[in-house]
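Derivation of every value follows stated rules applied to the coordinates shown; laboratory data play no part. None of the values given here were measured: they were computed from a predicted structure. No Cβ is skipped: glycine too gets one built from the backbone with ideal geometry, and neighbour counts run over all protein chains shown.
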Amino acid sequence: MSIVIENCSFVYPSSGIGVHDVNISADDGELVAVIGSSGSGKTTMLKLVAGFEQANSGRILINGRDVCGVPARLRNVGMVFQSYALFPLMTCAENVAYPLKIRKVPPAERRRKALDMLERVGLAAFADRLPSSMSGGQQQRVALARALGFNPDVLLLDEPLSALDASLRVELRREIRRLQKEQGITALHVTHDQEEALSMADKVALMHQGRLIQIATPQELYDRPVNRRVAAFVGHANLWDGVVVDADTVRVPFGELRCSCSPYVSGDKVTVLVRPERVMPDADGTVNVFDGAISADSFLGAVRRYTFSVGGSGIEGETARRKPFTRVGIPPEAVQLLPFEEA
Amino acid sequence: MNKTMKIMLLALPAFAVLVMFFLVPLGSVLVEPFLDKGEAFFGLWSDPLFLKGLKGSTLLALTAGVLSVLVGVPVALRLSVMKEKARLLAMFCISLPLTFSGLIVAYGFILCFGRAGFITLLLAEVGVSPDWVAGLVYSPVGLALAYCYYLIPRVVLLLLPALTNFDRSLLVAANSMGATRLRAFFDVLLPELMPTIGVSFCLVAAVAFGAYGTALALVGSQVNILPLLLYSSISDTGTNFSQAAAISLVLLGACSMIMGVAEVIAMRREQRLKRA
Amino acid sequence: MLVIAYLVYIFLPIALLLIGSFGETWTNTFLPTGFTLRWYLDVWNDPSFRRAFIVSLEVAVSTCVIVTALAVPLAYALTRSMGKIAGLAGRFLAIMPIAAPPAVLAFGYILIFSTDAMPYLGTTWLIIAAHVVSTLPYMFQTLVADIRHLHLDKLELAAESLGASFGQRFFHIILPSLQHSIFSGLVVVSAISIGEFQITNLIAGFLNRTYPVVLLQSFYGATGFACSTTMVLLLLACASAAGSALTARSASRAKKH
C-alpha cells in the first residue's frame, strides 16, 4: 500500500487559496508527516487524499489506483480527526463497528472485531460507554480504533493530538506509531507540531503557502534544510545574513566564520545557519572563537539556553554547562550556508 | 450537478411553501395600493382615524419597547447570576407566556385590571378610582402593559446568552481599579449589552406595532391602533380593500423597517466581534 | 426579590383565571363566590367549542408533520452550504414572522386565495399553510442551533470517510442526533399553532374556526364560562411547554453521560 500525490493543485473557489503543484509520496508502511504553519495547505492536502475535496489538476494514487473523482466514502481510507468526531449517540463499540456495519459485516462478527480493536488500544473495558463520558485521550484512542478497524488502505491523521494535554500527547504519539507499525499501514499525518512530526515520522514534508518546500527524513530535514524557512521552522536556529569572502570564509555581522563555502563563490550573499547545540561554550583554539558576554539566559532543566552577545550581535546557544563563560566557539563543520533570503 | 447544488435541492420544498404562502400573499398586498395609483394610500394621510391609529400604534410600540427592556434587563441580570437549577426553573416559568395565545393574556388582564378586576378593586381600597385604572388599561399605554406580558420573556431570552457569555472577571478588574459596582456596571457591562438591548427593543416594538389579537380581545376594535384599523376594514361589512391595502403597506413598512434596524445593530456587533 | 415580583406578575392573571373557572358567580368582588364544575361541563357540552377543539388539534398535528418535513432538510441544506444565499435565507427566516404583521399576511391570503384560480379561503388546508409558515422559522432556528452545537458537519465527514452513503449518514447520524431538537421544536410549533389567533381569525371559515377564534366569543359572556374556556387553552399550552422543558432536560442529560 502506498500513497502518491503527483503535481496536485487545488484552489478553494471562495477564498482563492489552496495548494499548488504538490508532490508527496509515502511508501508501503511509511508514516509521512506533513507540517507547516496554519494556512500552509497541509490540511487541504489531507482533504484531497480523503476525497472531501477534488484536486483541480494532478493525480492521487492510493495503492497504485488513481482515486481522482472517487467519492470519499468509496476510497477506503481510515481518518482520525482533530475533534475526534465520534458519534455521540453510539457507544465506543458501536462507533468502531460502524464502518463494518456499512460494509455489511454481520452483527456478531463486527462486535467481535470492534472489541478486538478496542482491546488493542487498551479500552476494551469501555466498549459500552458513550464517548462523552470519556476523556479526550480515550476518545481519540477510540477514534483511532475506528479508523483502523475496517482494514482501510491508508490511515489519515488530521492533527489528532492538538486537542490533548501535553503529557497525553507524547503518550499517544507512541501509541499511534505502534498501531501503525503493527498494522503495517501507510499513514499521512498532518500536524503543526514539528516535534511531533520529527519524533514519529519516517519522512516529513514541510509546506508553506500551499507549496511543498522539502520532503525528507526527520534527520535530514533538521541537518540539511533546503532553505531559511525550513531551518527556522524545524528546531531552533541561528540564522545570520552573510557574504562569502573566499572558499572557506564567510562574513557574518559579528566577524568572520571559517567553514566550507562550496558551492558558493566569493561575493555571494548567503544565509548562515548554526544550530544552537553546536555552539561550544569556553571553546579552546583560535578558529571561530568569539569573546563576549551572556546577555540572556534561561534554564530549561536538561539544557540551558542562552544568548551570547558579540559586538551587538547575538549567538543563540544550548549547553549543559552551568558555569559562566565569556567565550564561545563554532566548529567549522557546524556552519551551513543556505541560499540568501530576507528574514 | 455539483454537490452544493444537490444539497440546496433539499431546501427547495420549504422555499416553495414560503414563496406560495408568504411572499406571494405579501406581494399582492404590496401591489394592491398601486392599482388605484396610490389614491387610497395618499388619502390615508388626511384621514383623522388613520392618523390617530398611527399615533396610537407608535405610542404603543415605544411604551411596550421601553417597558419590556426596563423590566427585562434587570430580570435577565438577576437570572444570569442564579444557580443553574434555579435559573432553569425560573426560565421555564418566564418563557411560559411565550407559548400563550394573546387571548389568554387578554382575559387574564381583564380579571386583574378590568373595571371590576382584582388589582383595580385592591387599588380602590387605597382610594384609586376604578374608572381611572380601567381608562388607563384600555388606552394604548395600558395595552402596552398587557403586551409586556409576552414581550418581556423575549427580551430576557435574548439577553441571557449575552449575559452568561459575559466575562465577569472584567467587572472584578474594574472593581480592582477602583470603580464602584454601579460604575463598573455602567462602564463595562452595559456597553457590552447595548447592541443586544437595542435588538430586543426593536424586536418587541415591531411585535407591538403589528399585533392585534390581545387588543381586540381586551377592548374590541374601539382603541385606535393601526392593526385593529386594518382588522375592521377587512372584517366589517362593506369591506374596504383599497384602504386595507394602504394600511397594510404602512404596517409592513414600519415593522420591516424596525426589524431592519435590529439587523443592522446585530450585524455591526458581529463585525466588531469578528475584528476583535 | 425582583424575579419573585416578576413571577407574581406572570402568575397572578393565571391564578385568577384558574380560580374564576371554578367560581359560581363573580361580579364586583375580589374573588368569586361558590364552587362549581358547571363551567367546564358547559364547555364540554358546547358543540361549537368541541368542534373548534378538534379542528385545533387537527391543524396542530398537520402543522407539526409538515413543518418537520420541510424544516429538517432546509436546516440541513442551509448549514451545509455556507454560501451567501444560505446566510441571507437564514436571516430572512429569522425576521420574517415579525417583519410581516399577522393581520397583513392574513389580508394577503384574502387577496390571493379568494380568486377563481385559487379559491382556498376558508379551507382547513389554508389555515394549516398559514400555521406552517408562521412556525417554520422557530423549528428552523432550533435545528440550526443544534446542528452547529453538535458539529454535525464534522461527524458527517467522519461517517463519509468510513464509507457511509448520503442516505446512511442521514438516517444513522443526522436524524438520531437531531431527534431531541426536532421534538422540542415540535412542542413550540404545536403550542404556537394551538394558540394562533390573529391570522386564523381572518381566514377561517365558519365550520373550521380553531379554538382561539371561538374562544373570543366567550369573553362577552359569563365570567366563569370565559375563565374555563380560557383555562382549557392555557392547559393545552402548558402541556406543550412542559413537554418541551422535559425533552430539553433529558437531551442535556444524554449529552452529559
Explain nothing, just compute: Karplus ³J(HN,Hα) = 6.51 cos²θ - 1.76 cosθ + 1.60, θ = phi - 60°, for every residue of the range C:16-32 in order, whole Hz, x for Gly and Pro. 5, 4, 5, 4, x, 6, 9, x, 5, 10, 8, 9, 6, 10, 4, 10, x
P(r) weight above 29 Å for chain A, C-alpha pairs, percent: 50 percent
With each label point set 7 Å from Cα along the Cα-Cβ vector, what nm distance links A:LEU61 and A:GLU119? 3.8 nm
Mind checking Rg over Rh on the range B:39-275, alpha carbons, Kirkwood formula for Rh? 1.04
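For C:CYS238, A:CYS259, A:CYS92, which order do you get if you count the other beta carbons within 10 Å of each Cβ and list the fewest first?
Lowest to highest Cβ neighbour count: C:CYS238, A:CYS259, A:CYS92.
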Full extension from B:LEU51 to B:VAL31: what is 0.36 nm times the residue separation minus their Cα-Cα distance, to one decimal in nm? 5.0 nm
Karplus ³J(HN,Hα) for the range B:137-150 (6.51 cos²θ - 1.76 cosθ + 1.60, θ = phi - 60°; Hz, whole; x = Gly/Pro) runs 5, 8, 9, x, 5, x, 4, 4, 4, 5, 4, 4, 3, 10
Relative to a virtual label point 7 Å from the Cα of C:ARG91 in the Cα→beta-carbon direction, which members of the range B:11-29 show backbone nitrogen distances below 11 Å? none
In a shell of Cβ-Cβ distance under 14 Å around B:VAL223, excluding B:VAL223 itself, what net charge do Lys and Arg (+1) and Asp and Glu (-1) give? +2
Rel. contact order, % - alpha carbon contacts under 8 angstrom, at least six apart, chain B: 28 percent
Mind checking which aspartates and glutamates have their C-alpha under 16 Å from C:LYS154, skipping anything on the same chain fewer than 8 residues away? A:GLU53, A:ASP158, A:GLU159, C:ASP146
Largest to smallest principal axis extent of the C-alpha atoms in the protein assembly as shown, angstrom: 112, 69, 61
One computes Rg over Rh for chain C from alpha-carbon atoms, with the Kirkwood Rh, and obtains 1.05
Using Cβ counts within 10 Å as a stand-in for footprinting exposure, how do C:LYS84, B:LYS55, A:LYS113 rank, fewest first? C:LYS84, B:LYS55, A:LYS113
Please list, in chain and number order, the residues 5+ apart from A:LEU31 or on another chain whose amide H is under 5 Å from its amide H, with Hs placed from the backbone. A:ALA187, A:ASP202, A:LYS203
For the protein assembly as shown, what does the helix formula give at 222 nm: sum of -39500 (n - 2.57) over DSSP H segments with n ≥ 4, over the residue count, nearest 500 deg cm²/dmol? -18500 deg cm²/dmol
Distance violations [Cα-Cα > 32 Å] among A:LYS47/A:LYS113; A:LYS113/B:LYS85; A:LYS269/A:LYS323: A:LYS113/B:LYS85; A:LYS269/A:LYS323
Selected from A:VAL22, A:GLY69, A:ILE102, residue furthest toward positive end of dipole (the range A:3-129; charges at beta carbon): A:ILE102
Nearest 0.05, what FRET efficiency do C:LEU207 and B:MET82 give at R0 = 51 Å with Cβ-Cβ as r? 0.55
Amide H contacts under 5 Å for A:GLN214, placed H, 5+ residues apart: A:LEU206
Given H placed 1.01 Å from N in the peptide plane, which residues other than close sequence neighbours of A:GLY18 have an amide H under 5 Å from its amide H? A:TYR12
Förster radius 22 Å - calculated FRET efficiency between A:GLU333 and A:GLU220 (Cβ-Cβ, nearest 0.05): 0.85
Using Cα centres only, tell me the gap between the range C:32-100 and the range A:92-161 in whole Å. 42 Å
In what sequence do B:LEU79, C:LEU31, B:LEU189, B:LEU143 fall when counting other Cβ within 10 Å, fewest first? C:LEU31, B:LEU189, B:LEU79, B:LEU143
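Quote the FRET efficiency, to the nearest 0.05, computed for A:ALA302 versus B:ALA173 with a Förster distance R0 of 35 Å and r equal to the Cβ-Cβ distance.
On the way: r = 39 Å, r/R0 = 1.10.
Once the sixth-power term is evaluated, E becomes 0.35.
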Just to be sure I follow: if Rg is taken over the C-alpha atoms of the range B:125-249 and Rh is the Kirkwood radius over the same atoms, what is Rg/Rh? 1.18
Once you put a point 7 Å from the Cα of C:LEU31 and another 7 Å from the Cα of C:GLN179, both along the Cβ direction, what distance in nm separates them? 4.6 nm
